[in-house]
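Chemist: Mind looking over this structure? Questions follow.
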Amino acid sequence: MAPSLTIIGIAGSLRKGSYNAALLRAARDLAPAGITIVIKNIGDLPLFNQDDEKNPPPSVRELKEAVKAADGLLIATPEYNYSVPGVLKNALDWVSRPYGDNSADDKPVAIMGASVSMTGTARAQYHLRQMFVFLNGHVLNMPEVMVPAASDKFDQDGNLTDEKTRDKVKQMLEAFVPWIKRLQGGK
Ligand code: FNR
């Protein structure tokens, strides 16, 4: 029987023409049967302030609840200055708090990223993996989806046109399903 899994998708760029947002939309469209990827916008989250973590604004509450209820998390991260963009860190800081109410706890996670350089977000992805150690998320190791020279891989309308990248995204999603099942104990 096809699985029925809901995955929350987050892109770490607020840019209208973002390659990472486009990569996430491509993943949503390429997802195998039974997988629903729900894309959440993190642009309306305020800057994290620990004074508000126990009584967060509605946008934060909504994101935390969606992540908590989901079977998995899929993040498309740009690389900014060899790391993840502040907006993504900000979203994850909200998701992780307050102490004892980490919405990403025990969550299966998959990471991908697109960059205009030749390193394809490798450095940002490894920083993100490191964050998920403290968040106790379980990040899929392989296949890695690192998209270099992103401007060559998408058309003007933000469609992922590069066949090799489309295949890689598909392979990653196909590997993510058994990873989620395994972590859920074969449920
Ligand atoms: C970048 N860019 C970039 N690229 C990269 O491969 N390594 C890096 O360290 C950086 N650093 C960086 C810092 C800042 C502040 C910006 C704005 C950009 C370029 C980056 O890959 C490019 O802007 C992508 O298009 C960003 O992803 P989105 O917005 O298209 O999803």
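The values are calculated or read from the model by the stated rules, or taken from the named source; none is laboratory data. Quick caveat: nothing in here was measured; it's all calculated off a predicted structure. When we count neighbours, we look across all protein chains shown, and the Cβ atoms used for this are built from the backbone with ideal geometry, even at glycine. Protein only, heavy atoms only, side chains kept; ligands, DNA and RNA dropped before computing areas. Shrake-Rupley method; radii C 1.70, N 1.55, O 1.52, S 1.80 Å.
Chemist: Each residue of the range 39-49 in turn: what ³J(HN,Hα) in whole Hz from Karplus with 6.51, -1.76, 1.60 and θ = phi - 60°, glycine and Pro shown as x?
Modeler: 8, 10, 8, 9, x, 9, 7, x, 5, 4, 9
Chemist: Still on this structure, please answer the following. So how many Lys-Lys pairs in the chain land under 14 Å Cα to Cα, not counting same-chain pairs under 8 apart? Intermediate values should be presented prior to the final figure.
Modeler: Working: LYS40/LYS64; LYS40/LYS68; LYS54/LYS64; LYS64/LYS107; LYS68/LYS107; LYS107/LYS181; LYS153/LYS164; LYS153/LYS168.
Final tally of qualifying lysine pairs is 8.
Chemist: Looking at the square roots a ≥ b ≥ c of the eigenvalues of the Cα gyration tensor of the range 26-98, which shape do they give, rounded for a/c under 1.5, prolate if a/b is larger than b/c, or oblate?
Modeler: Working: a/c = 2.58, a/b = 1.37, b/c = 1.89.
Judged from the Cα gyration tensor, the range 26-98 comes out oblate (a/c at least 1.5, b/c at or above a/b).
Chemist: Taking amide H positions as placed 1.01 Å from N in the peptide plane, with prolines and chain starts having none, which residues 5 or more places from GLY120, or on another chain, fall under 5 Å of its amide H?
Modeler: SER115, ALA149
Chemist: Roughly how many Å² is the accessible area per residue of the range 1-109, as a whole number, for a 1.4 Å probe?
Modeler: On the way: 5310 Å² over 109 residues.
Value for the range 1-109: 49 Å² per residue.
Chemist: Taking amide H positions as placed in the peptide plane 1.01 Å from N, state which residues far from ILE35 in sequence (5 or more) or on other chains have amide H under 5 Å from it.
Modeler: Distant-sequence amide H within range of ILE35: LEU5.
Chemist: According to the square roots a ≥ b ≥ c of the eigenvalues of the Cα gyration tensor, what is the shape class of the chain, taking rounded for a/c under 1.5, prolate for a/b larger than b/c otherwise, and oblate for the remainder? It would help to have the intermediate numbers written out before the result.
Modeler: Numbers: a/c = 1.68, a/b = 1.19, b/c = 1.41.
It comes out oblate by the Cα gyration axes.
Chemist: Which percent, nearest 5, of DSSP beta bridges in the chain are antiparallel?
Modeler: Around 10 percent antiparallel, to the nearest 5.
Chemist: In nm, give the distance between the simple-model label positions of LYS68 and ALA175, each being 7 Å from the Cα along the Cα-to-Cβ direction.
Modeler: 3.2 nm
Chemist: Note down the nm distance, to one decimal, between modelled labels 7 Å out along Cα→Cβ at ASN81 and at VAL116.
Modeler: About 1.8 nm separates the two model spin labels.
Chemist: Quick one: which of 107-117, 150-160, 91-101 comes out on top by average Cβ neighbours within 10 Å, and what's the full order, highest first?
Modeler: On the way: 107-117: 23.5, 150-160: 14.5, 91-101: 18.3.
Ranked by mean Cβ neighbours within 10 Å, highest first: 107-117, 91-101, 150-160.
Chemist: Please list the non-local residues whose amide H lies under 5 Å from the amide H of ILE111, H modeled 1.01 Å from N, same-chain partners needing a gap of 5 or more.
Modeler: Sorted by chain and number, the residues that satisfy this are ILE75, LEU140.
Chemist: Could I ask something else about it? Ignoring ligands, DNA and RNA, what percent of the 1.4 Å accessible area of the chain is carbon and sulfur?
Modeler: Carbon and sulfur: 50 percent of the exposed surface of the chain.
Chemist: Here's something else I'd like to know. Whole Å is fine, so just give me how far the alpha carbon centre of the range 30-91 lies from that of the range 126-158.
Modeler: Between the Cα centre of the range 30-91 and that of the range 126-158, the gap is 14 Å.
Chemist: Provide the per-residue ³J(HN,Hα) series for the range 15-27, in order, calculated from phi with Karplus coefficients 6.51, -1.76, 1.60 and θ = phi - 60°, each as a whole number of Hz, with x at glycine and proline positions.
Modeler: Running phi through 6.51 cos²θ - 1.76 cosθ + 1.60 with θ = phi - 60° gives 5, 3, x, 4, 5, 6, 5, 5, 5, 5, 5, 5, 4 Hz.
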